[in-house]
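Data first, discussion second: the structure below is written as structure tokens.
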Amino acid sequence: MNTLSLMTLERDKAMVTGSSVEALAAGLQGSLLASGDAGYDEARTIWNAMIDRRPGLIVRCAAAADVAKAVRFARDNGLLLAVRGGGHNIAGNAVCDGGLMIDLSQMKSVRVDAAARKAVVQPGATLADVDRETQAVGLALPMGINSTTGIAGLTLGGGFGWITRKFGLTIDSLLAAEVVTAEGETVRASADENPDLFWGLRGGGGNFGVVTSFEFKLHKVGPEVLAGLVVHPFAEAEAVLKEYRQVVAGAPDELTCWVVMRQAPPLPFLPKEWHGKEVLILAMCYCGDPGDGERATAALRSIGKPIADVVGPNPFAGWQQAFDPLLTPGARNYWKSHDLTELSGAALGVLLSAVKALPGHECEVFLAHVGGQADRVAADATAFPQRNAHFVMNVHTRWQDAGDDAAFIGWARKLFDAMKPHAAGTAYVNFMPDDEGGRVEDAYGRNYKRLASIKKRYDPRNLFRMNQNVKPAA
């Protein structure tokens, strides 16, 4: 190899000598991949099939030292740099065109200390990897709702899921992290060590470095919880939602209930005549005593006249995977999201009108109720900005044919725009697509200025820019 043309941070081309590339490869415990190499296409292929980018080089890391070497190589050559954990982020920032990609997907270790109720997790682990090890000893970490999601991206964006109301966001259980900075140095961030970096990591995304190890506190959950679905005809959606918002306002922390509006998939417990018809689904999980759960879910389950009620005892790890069949890799996906402090009548009207015009059978509108313990953390205690009890609306379009891109994306954007007058202004950055870079400052609200200051300290050249990017302070 004589020279290799790679993409720079400024989107120009840099000629990198073959000897420097060979030196990088020789120093790795993992592997260095280029187009045509075995494993290259696997490494660059991520969950959202809309993302089809070709990095100039991929460092498939086996250890933290590989990450440091890759970061220094990108820094020294001024290269565009992307970092892949689980590869599940909607925006597709895990992969860049022409630059250097750091692939963490092989670093999947999860080590649990049951007595201390702690876990040390590598950044390539998925939520399923974490659940498998923690639930083996009756412990859990508050995480997301699709088990193939990567723990790294989920955590760095905040992380919420079925037990967030009881135990807080994922970042609220983060005790420490090992981070490779833009200088290629490894530092530890915790409440006592580099506390400004620790603050920024808890919600600030991948803006400050590459996390090579997370340390979490764990919580007693399961192995069985009361969970399941109650499915209603969409014709009754307005009445159901009005009762729903009243019930969840007084729900105990152990109870989480979310709303999904979509065309009914062919679930075995639904009568065939409902398959493909619009429905409203109440998806609920109670993570405390099952007897208490029966009483706590009674008001939700008594709303209206449901088509089906399949709430019952379920393994917690199984419930964490319940929605996986609807979120398999390989489809085209586009999301738009708002934080809502309330479900006003006007907001419900906008949502219900949009669902009547769903562009495809895999599309849905999702409302997650967040609060409880997550609400008891001060808004400026972590980078994650929205600590009031609220609903996260995610407009999830999903389809198979690239020729349908304009119709599906247009529908999502139209609903997003119509909901703006009813939204809080902040947003869950993990749900933001790649065309919302201009929204980042608003998404973080009052926390953005501090994030920009931390960015200036740890990454003044903005090496880590393939993310929902925080610009270094001037």
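The values are calculated or read from the model by the stated rules, or taken from the named source; none is laboratory data. Predicted model only: the values in this text are computed from it and were never measured. Backbone-built Cβ (ideal geometry, glycine too); neighbour counts: all protein chains shown.
Among the residues of region 184-197, is there at least one that is assigned to a loop (DSSP other than H, G, I, E, B), more than 19 Å from Phe384 (Cα to Cα), in contact with a helix residue (DSSP H, G or I) (Cβ under 6 Å, 6 or more places away or on another chain) and not assigned by TED's automatic domain parsing to the domain that holds Cys287?
So far as region 184-197 goes, yes, one or more of its residues are assigned to a loop (DSSP other than H, G, I, E, B), more than 19 Å from Phe384 (Cα to Cα), in contact with a helix residue (DSSP H, G or I) (Cβ under 6 Å, 6 or more places away or on another chain) and not assigned by TED's automatic domain parsing to the domain that holds Cys287.
Condition check ((1) at pLDDT below 95; (2) touching a Leu at 6+ places or on another chain (Cβ under 6 Å); (3) basic (Lys, Arg)) across all residues:
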| position | (1), (2), (3) |
| --- | --- |
| Gly30 | no, no, no |
| Ala49 | no, no, no |
| Arg54 | no, no, yes |
| Val67 | no, no, no |
| Phe73 | no, yes, no |
| Val83 | no, no, no |
| Gln106 | no, no, no |
| Val112 | no, no, no |
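Out of curiosity, is Leu270 in contact (Cβ under 8 Å) with a residue 40 or more places away in the chain, touching a strand residue (DSSP E or B) at 6+ places or on another chain (Cβ under 8 Å) and either surrounded by fewer than 16 Cβ atoms within 10 Å (Cβ to Cβ) or not basic (Lys, Arg) (or both)?
In short, no.
For region 177-189, what are the residues that are surrounded by fewer than 20 Cβ atoms within 10 Å (Cβ to Cβ), closer than 15 Å to Trp199 by Cβ and not β-branched (Val, Ile, Thr)? Before you say what the answer is, go through the steps one by one.
The initial filter retains those residues of region 177-189 that are surrounded by fewer than 20 Cβ atoms within 10 Å (Cβ to Cβ), namely 183-188.
Now narrow it down to the ones that are closer than 15 Å to Trp199 by Cβ: 187-188.
The answer is Arg188, and nothing else.
Can you report the number of residues in region 12-22 which are modelled with pLDDT under 90 and more than 9 Å from Gly78 (Cβ to Cβ)? Give the steps one after another, and end with the answer.
Within region 12-22, the first condition is being modelled with pLDDT under 90, and the residues that meet it are 14.
From the residues that got through so far, the ones that are more than 9 Å from Gly78 (Cβ to Cβ) too are none.
Final tally of qualifying residues: 0.
In region 206-223, how many residues are in a loop (DSSP other than H, G, I, E, B) and of a type in the set (A, V, I, L, M)?
Total meeting the criteria: 2.
Here are some residues: Asp52, Asp37. Which one is more than 29 Å from the chain's Cα centre (by Cα) and either assigned to a loop (DSSP other than H, G, I, E, B) or crowded, with 19+ Cβ neighbours inside 10 Å (or both)? Before you say what the answer is, go through the steps one by one.
On the way: Asp52 fails: more than 29 Å from the chain's Cα centre (by Cα).
Residue meeting the stated conditions: Asp37.
Counting just the residues of region 91-149 that are charged (D, E, K, R) and over 21 Å from the mean Cα position of the chain (by Cα), which one comes out farthest from Phe167 (Cα to Cα)? Write out each step before concluding.
Narrowing region 91-149 to residues charged (D, E, K, R): 97, 103, 108, 111, 113, 117-118, 129, 131-133.
Adding the requirement that they be over 21 Å from the mean Cα position of the chain (by Cα) leaves 97, 111, 113, 117-118.
Values: Asp97: 39, Arg111: 21, Asp113: 19, Arg117: 14, Lys118: 14 Å.
Looking at the filtered set, the residue picked out is Asp97.
Within region 9-24, take every residue that is surrounded by 15 or more Cβ atoms within 10 Å (Cβ to Cβ) and within 32 Å of the chain's Cα centre (by Cα) and give me the one that is nearest to Val67 (Cα to Cα).
For region 9-24, the residue satisfying everything is Leu24.
What is the residue count in region 202-248 for residues that are modelled with pLDDT under 95 and touching a His at 6+ places or on another chain (Cβ under 9 Å)?
Matching residues across region 202-248 total 0.
Looking at the structure I just gave you, is Leu127 out of contact with any His (no Cβ under 6 Å at 6 or more places or on another chain), under 21 Å from Phe316 (Cα atoms) and assigned by TED's automatic domain parsing to the domain that holds Pro265?
Values: out of contact with any His (no Cβ under 6 Å at 6 or more places or on another chain): yes; under 21 Å from Phe316 (Cα atoms): yes; assigned by TED's automatic domain parsing to the domain that holds Pro265: no.
Here the answer is no, as Leu127 does not meet what is asked.
Does region 238-262 hold any residues that are under 14 Å from Gly288 (Cα atoms) and either among the small types (Gly, Ala, Ser) or in a helix (DSSP H, G or I) (or both), and which are they?
Hit for region 238-262 is Ala251, nothing else.
Of the numbered conditions (1) over 26 Å from the mean Cα position of the chain (by Cα); (2) of a type in the set (S, T, N, Q); (3) surrounded by 16 or more Cβ atoms within 10 Å (Cβ to Cβ), Ser302 satisfies every one except a single condition; which is it?
(3)
Name the helices (runs of 4 or more DSSP H) wholly inside region 390-471 in which the number of residues that are modelled with pLDDT under 95 and more than 19 Å from Gly203 (Cβ to Cβ) is 3 or more.
In region 390-471, no matching helices (runs of 4 or more DSSP H) lie anywhere.
Under 6 Å by Cβ, and 6 or more places apart or on different chains, what pairs join a residue from region 82-107 that is closer than 15 Å to Ser213 by Cβ with one that is of a type in the set (Phe, Trp, Tyr) and surrounded by fewer than 24 Cβ atoms within 10 Å (Cβ to Cβ)?
Every condition considered, no pair remains.
Run down Val370, Val350, Val355, Val377 and say which single residue is more than 23 Å from Leu201 (Cβ to Cβ), touching a Lys or Arg at 6+ places or on another chain (Cβ under 8 Å) and β-branched (Val, Ile, Thr).
Val355
Would you pick out the residues in region 382-401 that are touching a helix residue (DSSP H, G or I) at 6+ places or on another chain (Cβ under 8 Å) and among the hydrophobic types (A, V, I, L, M, F, W, C)?
Selection gives Ala383, Phe384, Ala389, Val392, Met393, Val395, Trp399.
Would you pick out the residues in region 245-282 that are over 19 Å from Thr397 (Cα atoms), touching a Phe, Trp or Tyr at 6+ places or on another chain (Cβ under 6 Å) and not β-branched (Val, Ile, Thr)?
Those that are over 19 Å from Thr397 (Cα atoms), touching a Phe, Trp or Tyr at 6+ places or on another chain (Cβ under 6 Å) and not β-branched (Val, Ile, Thr): Glu254, Leu255.
Within region 2-34, how many residues are among the hydroxyl-bearing types (Ser, Thr, Tyr), without any contact (Cβ under 8 Å) to a residue 40 or more places away in the chain and out of contact with any helix residue (DSSP H, G or I) (no Cβ under 7 Å at 6 or more places or on another chain)? Outline the logic, then answer.
Going through region 2-34, the residues among the hydroxyl-bearing types (Ser, Thr, Tyr) turn out to be 3, 5, 8, 17, 19-20, 31.
Right, trim to without any contact (Cβ under 8 Å) to a residue 40 or more places away in the chain and you get 3, 17, 19, 31.
If we keep only those that are out of contact with any helix residue (DSSP H, G or I) (no Cβ under 7 Å at 6 or more places or on another chain) too, we end up with 17, 19, 31.
Residues in region 2-34 being among the hydroxyl-bearing types (Ser, Thr, Tyr), without any contact (Cβ under 8 Å) to a residue 40 or more places away in the chain and out of contact with any helix residue (DSSP H, G or I) (no Cβ under 7 Å at 6 or more places or on another chain): 3 in total.
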